[in-house]
Amino acid sequence: MKRFILYTLLLLSCLPALAQTQEAAEKHVLGLQVGNSFVNGSFNKSAFEDEYPAFARDGLLLSGTYRYHLGRYLAAGASASYRHNRYNLNNFAEPGDELVTGKSSTAWRSWFTLADAYLLVPVHEEVEVYLRGSAGASFNRSASWQVQTTYGDINMPADKATALALGWGSGIGFRVAPFWVVAEAGMLYTKPRFTVPDTRGNLMQHRQPMNTFNLSLGIQYRL
């Protein structure tokens, strides 16, 4: 993680000098993307015995982006994203369990606001490849769940937390005049600290990695 931050800062520090080499004809780029977010690590592979089992499922990612071309090969911008991952309640309370009389849950939700740096590789006038590094903040709401049993109820309330967020992505764009169609793959990293009750009902601080690998398709309009 420290190495990623160092590389991102190094790229950002080099942007002004490298951007002076050439100028892009279309400087402003607006984009919308939609895709899947695939949960990674303990955000997915939880166990019932864990003090706070995440049990997140693969979900949805929506993003709006803006970038400004500093030159032919470099750009900087910002993005806002919403990520929605449902709670896999069947992992917590298996279907068919005779002791369970009812259950419900709400999803993991995250909103990201990120500053982005791009390295652009124009293949020709109709195709462009790019690499992106991002840093910013995430605003997160943890999942909640309720399980009713013959011996009593199990409740886990939701909590909100803000955390550092990092990301990277690579993509390819094709001109379909007057727009560009984009396919992108990347990662989002964040680790908020939630205040949640333990198995005895006492409040505890829990840092939950909420990392996802994302695949998305989008459309861009360039000015």
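The values are calculated or read from the model by the stated rules, or taken from the named source; none is laboratory data. Quick caveat, the model's predicted, so the values are computed rather than measured. Because the Cβ atoms are built from the backbone with ideal geometry, glycine has one as well, and the counts that use them run over all protein chains shown.
A few notes on this one:
- Scanning region 172-223 for residues that are of a type in the set (S, T, N, Q) and not in a strand (DSSP E or B), we see that the one that is surrounded by the most Cβ atoms within 10 Å (Cβ to Cβ) is 208.
- Qualifying residue in region 141-149 (condition: assigned to a strand (DSSP E or B), in contact with a helix residue (DSSP H, G or I) (Cβ under 7 Å, 6 or more places away or on another chain) and closer than 18 Å to residue 84 by Cα): yes
- Options 128, 94; residue that is of a type outside the set (Lys, Arg) and touching a Pro at 6+ places or on another chain (Cβ under 7 Å): 128
- Set 96, 136: member being of a type outside the set (Val, Ile, Thr), surrounded by 16 or more Cβ atoms within 10 Å (Cβ to Cβ) and closer than 30 Å to residue 51 by Cβ: 136
- Subset of region 99-115 (residues that are out of contact with any Ser or Thr (no Cβ under 6 Å at 6 or more places or on another chain) and either buried (at least 16 other Cβ atoms within 10 Å of the Cβ) or of a type outside the set (Gly, Ala, Ser) (or both)): 101, 103, 105, 107, 108, 109, 111, 113
- Residue selected from region 140-171 under the condition among the charged types (D, E, K, R) and surrounded by 15 or more Cβ atoms within 10 Å (Cβ to Cβ), by the criterion nearest to the chain's Cα centre (by Cα): 141
- Here residue 118 fulfils each of the conditions (1) in contact with a helix residue (DSSP H, G or I) (Cβ under 6 Å, 6 or more places away or on another chain); (2) buried (at least 19 other Cβ atoms within 10 Å of the Cβ) apart from (1).
- Every residue from region 70-97 that is more than 16 Å from residue 140 (Cα to Cα), touching a Ser or Thr at 6+ places or on another chain (Cβ under 8 Å) and of a type outside the set (A, V, I, L, M, F, W, C): 71, 72, 73, 77, 79, 91
- Residue pairs whose Cβ atoms lie under 9 Å apart, separated by 6 or more positions or on different chains, with the first residue in region 96-108 and among the aliphatic types (A, V, I, L, M) and the second surrounded by 12 or more Cβ atoms within 10 Å (Cβ to Cβ) and modelled with pLDDT under 80, are 99/93; 100/93.
- Single residue of region 134-149 satisfying the filter (of a type in the set (A, V, I, L, M, F, W, C) and without any contact (Cβ under 8 Å) to a residue 40 or more places away in the chain) that is nearest to residue 76 (Cα to Cα): 137
- Sole residue being more than 19 Å from the chain's Cα centre (by Cα), modelled with pLDDT under 90 and either loosely packed, with under 15 Cβ neighbours inside 10 Å or not basic (Lys, Arg) (or both), chosen from 13, 42: 13
- Within region 109-122, being without any contact (Cβ under 8 Å) to a residue 60 or more places away in the chain and hydroxyl-bearing (Ser, Thr, Tyr) holds for 113, 118.
- Residue, surrounded by the fewest Cβ atoms within 10 Å (Cβ to Cβ), within region 123-133, restricted to residues that are farther than 18 Å from residue 65 by Cβ and touching a residue at least 12 places away in the same chain (Cβ under 8 Å): 125
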